[in-house]
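Comments concern the structure below.
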Amino acid sequence: MKKAVFLDRDGTIIADKGYVYRVEDMEFLPGAIQGMKAFQRMGYLLIIITNQSGIARGYFTEEDYHIFMQVLYRRCEQEGVQINADYYCPHLPDALIE
């Protein structure tokens, strides 16, 4: 049996600047890389989860999201961190649906 840690992307791994989808806005938070490395050393799979309502709001596309995540994966790999999967929700919260 494998063990995993689920990490929120915005505000945990990268700075939450509001609807972050442009690569030039990617900023790793202090200690994020070191923390992911520590989980990795303990044998955890690293899984990113994230709400991305900016897609439903029309601020960016799912393709923009995937491009951003490809770069995030690559930058993590350059630091010795392997992200095993990512899952996102592109929808608006129910309270905002008319």
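Here are the numbers:
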| item | result |
| --- | --- |
| Accessible-area order (highest first, 1.4 angstrom probe) of the listed residues H91, H66 | H91, H66 |
| Spread of Cα-to-Cα distances over 10 Å intervals beginning at zero, given as percent, for the chain | 15, 48, 27, 9, 1 |
| Surface accessible to a 1.4 Å probe, per residue, for the residues of the chain, Å² | 63 |
| Whole-percent carbon and sulfur share, accessible surface of the chain, 1.4 Å | 50 |
| Rounded to 10°, Cα long-axis angle of helix 32-41 versus longest principal axis of the chain | 50 |
| 222 nm mean residue ellipticity, helices alone, for the chain (DSSP H n ≥ 4; -39,500 (n - 2.57); rounded to 500) | -9000 deg cm²/dmol |
| For the stretch 44-98, radius of gyration divided by Kirkwood radius, i.e. Rg to Rh on alpha-carbons | 1.07 |
| The stretch 20-96: GluC sites (Glu not before Pro) in DSSP coil with no more than 14 other Cβ atoms inside 10 Å | E27, E79 |
| 0 to 90° range, to nearest 10: angle between helix 62-78 axis and the chain longest Cα axis | 20 |
| Contact order relative to length of the chain, as percent, for alpha carbon pairs under 8 angstrom and 6 or more apart | 33 |
| Heavy-atom accessible area ranking, 1.4 Å probe, most first, across F60, F6 | F6, F60 |
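The values are calculated or read from the model by the stated rules, or taken from the named source; none is laboratory data. Model, not experiment: these values are computed from the prediction. Methodologically, a virtual Cβ is constructed for each residue, glycine included, from the backbone with ideal geometry; neighbour enumeration extends over all protein chains shown. Calculation scope for accessible area: heavy atoms of the full protein, side chains included, ligands and nucleic acids excluded. Shrake-Rupley method; radii C 1.70, N 1.55, O 1.52, S 1.80 Å.
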